[in-house]
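Here's the structure, in structure tokens; my notes come after.
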Amino acid sequence: MRFTVAIDGPAAAGKGTISRAVAAKFGFAYLDTGSLYRAVGVKALEVGRGVIDPVVAAQLAGNLSQTDLDRDDLRTAMAGQAASKVAALPEVRAALLEIQKTYARRDGGAVLDGRDIGTVICPEAEVKIYVTASDEIRAARRHKELVQGKPELTVAQVLDDLRARDDRDAARDIAPMKPAGDALVLDTTELSIDEAVDRAIRAIQARTT
Ligand code: CDP
């Protein structure tokens with residue numbers, strides 16, 4: 001059985017939480033595609049000693065290993081910024097395309113979250129959800145996650161970081177972040193996690209029953 005749930009949206013809108021919950025509910029596999037770009041970004045920074053070389057980044061994208069994806073520094077703000085820089089490179093996106101397309105159509109159902117899942121990776125996805133929330137709420141949520149490892153971090157810094165990333169992701173020429181024409185837009189600003197997950201589940205159930 002092939003069934004793809006495409007979950008896109010800006011940084012820290014709640015895509016990961018919703019994706020994991022619906023994958024568990026329906027027994028689908030889950031791929032956090034942002035982690036691919038984060039792994040490439042972090043490694044490209046390392047290899048270039050702080051400078052990202054597009055050719056190196058594309059090579060890294062074509063040779064990602066499980067160890068690269070298991071690094072524990074992928075969720076930092078620095079990794080997020082590096083990810084959005086390499087994500088604007090066509091060669092990097094091309095190198096990561098096939099693995100995502102194959103994952104999306106795997107047998108047994110799949111949930112993928114990212115920026116271009118419903119528009120580029122799997123335009124034929126059975127369910128497309130574009131998860132969003134106000135900038136302030138997104139910054140507050142991400143701050144709560146990151147402040148544990150970095151106590152001096154302020155909400156204002158997180159807000160600046162998210163906005164810079166969103167602007168870059170939405171303005172790039174290739175696979176810009178935007179809702180697919182047929183996506184359900186789920187604004188989680190005033191929703192609890194349970195409410196947001198519930199709406200996503202209902203959208204999927206509407207296609208499965
Ligand atoms: O978790 P968060 O929403 O903050 O970010 P993420 O999903 O881990 O993605 C990190 C960065 O990777 C994004 O800012 C995008 O630049 C890039 N990305 C992308 O271009 N396309 C995807 N399908 C997923 C992520």
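The values are calculated or read from the model by the stated rules, or taken from the named source; none is laboratory data. As the structure is a computational prediction, the values presented were derived from the model and not from experiment. Cβ sites come from the backbone with ideal geometry, for glycine too, and all protein chains shown count toward neighbours. With ligands, DNA and RNA removed, areas are computed over all heavy atoms of the protein, side chains included. Shrake-Rupley method; radii C 1.70, N 1.55, O 1.52, S 1.80 Å.
Dividing the Cα radius of gyration by the Kirkwood radius, what Rg/Rh value follows for region 4-208?
Ratio of gyration radius to Kirkwood radius: 0.95.
For a quick size check, give me the Cα extents of region 14-60 along its three principal axes, largest first, whole Å.
Principal-axis extents of the Cα atoms in region 14-60, largest first: 42, 19, 12 Å.
Under the √(5λ) rule applied to the eigenvalues of the Cα gyration tensor, what semi-axes describe the equivalent ellipsoid of region 86-209? Give them in Å, descending.
Values for region 86-209, descending: 26, 21, 13 Å.
In a GNM of the chain with a 10 Å cut-off on Cα contacts, which of 35, 19, 134 has the highest mean-square fluctuation?
Highest fluctuation of the listed residues: 134.
Below 8 Å between Cα atoms, with a sequence gap of 6+, how large is the relative contact order for the chain in percent?
Here the relative contact order equals 34 percent.
Just for the Cα atoms in region 34-119, what are the lengths along the principal axes, largest first, rounded to whole Å?
41, 25, 21
With N set to the residue count of region 113-154, report its C-alpha Rg divided by 2.2 N^0.38 Å to two decimal places.
Against the empirical 2.2 N^0.38 Å value, I get 1.65 for region 113-154.
Using a 1.4 Å probe on the protein heavy atoms, what percent of the accessible area of region 4-150 belongs to carbon and sulfur?
55 percent
Starting from the 7 Å offset along Cα-to-Cβ, what nm value, one decimal, do you get for the label separation of residue 206 and residue 91?
Once both label points are built, they end up 4.3 nm from each other.
Might you tell me the accessible area per residue for region 74-187, computed with a 1.4 Å probe and given in Å²?
47 Å²
Please get the size of the charge dipole for region 4-208, origin at its Cα centre, with Cβ charges of +1 on Lys and Arg and -1 on Asp and Glu, quoted in debye to the nearest 20.
Result for region 4-208 is approximately 180 debye, rounded to the nearest 20.
Round to the nearest 0.05 the FRET efficiency obtained for residue 99 and residue 24 when R0 = 35 Å and r is the Cβ-Cβ distance.
Calculated transfer efficiency: 0.95.
Residue 67: accessible area at probe 1.4 Å, nearest 10 Å²?
Roll a 1.4 Å probe over it and residue 67 shows about 100 Å².
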